[in-house]
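Only one structure is covered here, and it is reproduced in the block below.
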Amino acid sequence: MSYPTVTAAALTAPLTFAGIVEQLRDTFRAFPDCRKPGNNTRYTLEDTGLSAFSVFFMQCASFLEYQRRMVENQERSNAQTLFGVHAIPCDNQIRHLLDSVPPSAVAPAYRYLFNGLQQNGYLDKWRVHDYGYLLALDGTQHFSSSHIHCEQCLTKTHHNGTVTYSHQVLTPILTAPDKPQVIPLPPEFISRQDGQTKQDCEINAAKRWLAQWGADYIPLGITFLGDDLYCHQPFCQAVLDAGAQFIFNCKPTSHTTLYEELEGLEKIGAIRTHLVQRRMGKHSVTDTYRFATQMPLRDGDDALRVNWFSLTSVRDDGKCLYHNDFATSHPITTGKVVDLVKAGRCRWKIENENNNTLKTKGYHFEHNFGHGQQHLANLLAALVLLAYLVHTVIDLMDERFRTLLQKMGSRERLFDDINTLTTFLCFKSWTALLDFMLVGLERRHQADEIEQWVVK
């Protein structure tokens, strides 16, 4: 099935919340409709998609319920004024209508948002000198149960005969050493065809993602980041063949040939070393950078040659604060090893700023919002990821949102306040809502002033 492409005009237009919602409407309008001709079509696919998205965006499972009550009392709701939802379907209708929609149908929205950030200059400072954009890969679980399952579930049979059903997804992100945000990229859902081990599943999903999305991102200049799972010749070669570079974690236990050669170089003093002394509070810390070039990634004459490097940080009382090894396709010198380590360590942001945020900071990524029989669980996960991306986009583009976020301290707390307000007041637009909150933080406003923001 083909889905709408993003027009050139849309890519170069300034990003606004209203513009984002309109692009989402275009994306959701193209969803496949499971209803037969003649069936009740009161609710459109775009209203259904926007309704589901609004719940995840607002981080409130009861958002639609509150807006239905507002429609009864005021004949308008924030579902309409903020998200353009003309008729709000119930939860069961949303699940029914979206079950047949594959998560790939959301791809145009991801493409629009990333290209919008790129074309409007928001990502200019994310480019890392010599390494381009840093794109981290990692897989994570977004559903697990010993009872609830569907045909799309992955299964794991335990020694005692019990079975665990799960859904897993590859969650690529764009990251940078000095950026607190990460930019979620289109996910790739791990399917039953991907094998029975973590490596088989995740790596095969990563290969599919590379084939599907590589042409969108690699021309921009991409360095892939990943844990040791990715640091093996087939995937490293696939990255190079696609025109990208890599910095992957490299463990001795899975790269015996490489470390045997390093052992030989160690004996003759051929491993280069660079020491950096720094202060940490009352302590002195020694950072020891070590590197070697043209190391074999595996045994055999056809072994891919990589550059190896490591960092060990030891405090003056002997405590080891950090140690990690890496392999890279980038050239390495004494002058570059520090920056290479800084870039490679950004991989941890996919664990902390991305996956952990999704699971513990208001997005409830592992909650079973609806399982369905076909694609529902994965599609809803894709919409959660999309909501997280839109939050990040408005954080980058909207000074009002950033100001409120700084004052509130977290997205979770900010949206708690937003949901309280939208339960009782209908705002004319997203901009009006933010303006109302900013003014409220500064002073008490008069009743007649509220009219410029609130639908009466």
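The values are calculated or read from the model by the stated rules, or taken from the named source; none is laboratory data. All values derive from a computational prediction rather than experimental measurement. No Cβ is skipped: glycine too gets one built from the backbone with ideal geometry, and neighbour counts run over all protein chains shown.
A few points about this structure:
- Counted residues, the stretch 241-269 - those being in a helix (DSSP H, G or I), surrounded by 14 or more Cβ atoms within 10 Å (Cβ to Cβ) and either in contact (Cβ under 8 Å) with a residue 12 or more places away in the chain or basic (K, R) (or both): 6
This table checks each residue for (1) of a type in the set (K, R); (2) at pLDDT 90 or above; (3) on the phi > 0 side of the Ramachandran plot.
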| residue | (1), (2), (3) |
| --- | --- |
| H142 | no, yes, no |
| H147 | no, no, no |
| K156 | yes, no, no |
| I173 | no, yes, no |
| Q196 | no, no, no |
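- Matching residues, the stretch 129-170, being outside any loop (DSSP other than H, G, I, E, B), over 14 Å from the mean Cα position of the chain (by Cα) and either farther than 25 Å from Y217 by Cα or of a type in the set (V, I, T) (or both): F143, S144, S145, L154, T155, K156, T157, V163, T164, Y165, S166, H167
- Flag if I247 is of a type in the set (A, V, I, L, M, F, W, C), more than 15 Å from L340 (Cα to Cα) and out of contact with any Pro (no Cβ under 9 Å at 6 or more places or on another chain): no
- Helices (runs of 4 or more DSSP H) within the stretch 28-110 that include 1 or more residues surrounded by 17 or more Cβ atoms within 10 Å (Cβ to Cβ) and of a type in the set (S, T, Y): 45-58, 63-74, 78-83
- Residue ID - farthest from R272 (Cα to Cα), chosen from residues in the stretch 302-340 that are of a type in the set (K, R) and out of contact with any Asp or Glu (no Cβ under 8 Å at 6 or more places or on another chain): K319
- Yes/no for R315 being closer than 18 Å to T257 by Cα and either at pLDDT 95 or above or aliphatic (A, V, I, L, M) (or both): no
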